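A.B. asks: I'd like to ask some things about the structure below.
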């Protein structure tokens with residue numbers, strides 16, 4: 001099956017390959033860049049990783065299976081390029097119980113409510129603060145939040161990209177979200193924002 | 001969940017359904033629950049003002065994160081450099097890298 005697909009791909013020739021590369025791979029450049037930046041946390045390093053990812057993808061285009069998700073394929077290459085560039089093994093799997101973070105996020109919310117910030121995200125433009133908080137978030141939480149919350153991937157797809165079990169994606173994601181919410185509450189307090197209502201339904 | 005976490009939850013005086021919302025709301029909002037589990041959570045949230053409010057808060061947070069996608073992208077210099085490299089590899093669509101917005 002795979003052999004047939006590869007043969008078909010090879011029959012396309014250079015023009016066909018370029019057209020397919022343009023159609024399937026190039027539209028994801030911004031996405032790959034965001035992911036690379038989440039891994040490297042450095043603009044110049046991210047540029048290098050993205051460039052190597054795309055060059056490698058172009059050279060290995062015959063291994064891309066048509067009809068599969070090209071973005072996932074590119075992200076996987078991107079992660080491998082990053083790991084190789086750092087000459088390090090896969091990060092240690094953190095098997096923290098994700099539910100503890102989910103419950104802890106509830107406590108953050110309760111604290112926010114007590115101080116009158118219960119509709120924090122609805123009333124304030126927290127996008128700049130969120131960007132900063134995301135920048136400061138440690139790995140592997142940061143790249144996991146980027147994959148699921150910013151890129152909109154399922155836990156399963158993110159797990160394939162990161163090469164970890166789905167449960168690890170979930171626990172890293174929940175930890176990342178909880179840390180972000182704690183940080184944002186601190187920012188809101190520092191800015192002195194107090195919402196008019198103390199509770200109730202919206 | 002660990003024993004201390006369980007004790008902490010019991011201390012809050014929440015119903016077991018409210019505790020389920022605390023534990024699984026993110027799975028629910030991410031559409032990662034089983035249909036049955038999601039339906040149970042949905043039914044409880046519909047009838048519980050406190051949980052409805054918490055759902056709104058968390059949904060708003062995730063929405064704010066998702067919107068960052070539109071703000072962050074590959075810089076122009078990177079696009080130019082990559083276009084040059086692809087051109088040197090004989091890639092016919094190198095100019096499209098630059099033209100992407």
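A.B. asks: Given the condition part of a helix (DSSP H, G or I) and farther than 22 Å from residue A:144 by Cβ, answer yes or no: does some residue in the stretch B:60-74 qualify?
C.D. replies: no
A.B. asks: Got a sec? Which helices (runs of 4 or more DSSP H) wholly within the stretch A:117-168 have at least 3 residues that are more than 13 Å from the chain's Cα centre (by Cα)?
C.D. replies: Filter on the stretch A:117-168 gives A:120-123, A:127-136.
A.B. asks: If we scan the stretch B:81-89, do we find a residue that is crowded, with 17+ Cβ neighbours inside 10 Å and more than 9 Å from chain A (Cβ to nearest Cβ)?
C.D. replies: The answer is yes, given that some residue of the stretch B:81-89 is crowded, with 17+ Cβ neighbours inside 10 Å and more than 9 Å from chain A (Cβ to nearest Cβ).
A.B. asks: Condition first: at pLDDT below 90, under 16 Å from residue B:82 (Cβ atoms), facing chain B (nearest Cβ under 10 Å) and surrounded by fewer than 19 Cβ atoms within 10 Å (Cβ to Cβ). Can you find one or more residues in the stretch A:21-37 that meet it?
C.D. replies: Scanning the stretch A:21-37 turns up no residue that is at pLDDT below 90, under 16 Å from residue B:82 (Cβ atoms), facing chain B (nearest Cβ under 10 Å) and surrounded by fewer than 19 Cβ atoms within 10 Å (Cβ to Cβ).
A.B. asks: Sticking with this structure for a sec: Is it true that residue A:44 is within 13 Å of chain B (Cβ to nearest Cβ), within 26 Å of residue A:140 (Cα to Cα), assigned to a helix (DSSP H, G or I) and at pLDDT 90 or above?
C.D. replies: Considered against the rule, which asks whether it is within 13 Å of chain B (Cβ to nearest Cβ), within 26 Å of residue A:140 (Cα to Cα), assigned to a helix (DSSP H, G or I) and at pLDDT 90 or above, residue A:44 comes out as no.
The values are calculated or read from the model by the stated rules, or taken from the named source; none is laboratory data. All values reported here derive from a predicted model rather than from experimental measurement. Please note: Cβ atoms are built from the backbone with ideal geometry, for glycine as well, and neighbour counts cover all protein chains shown.
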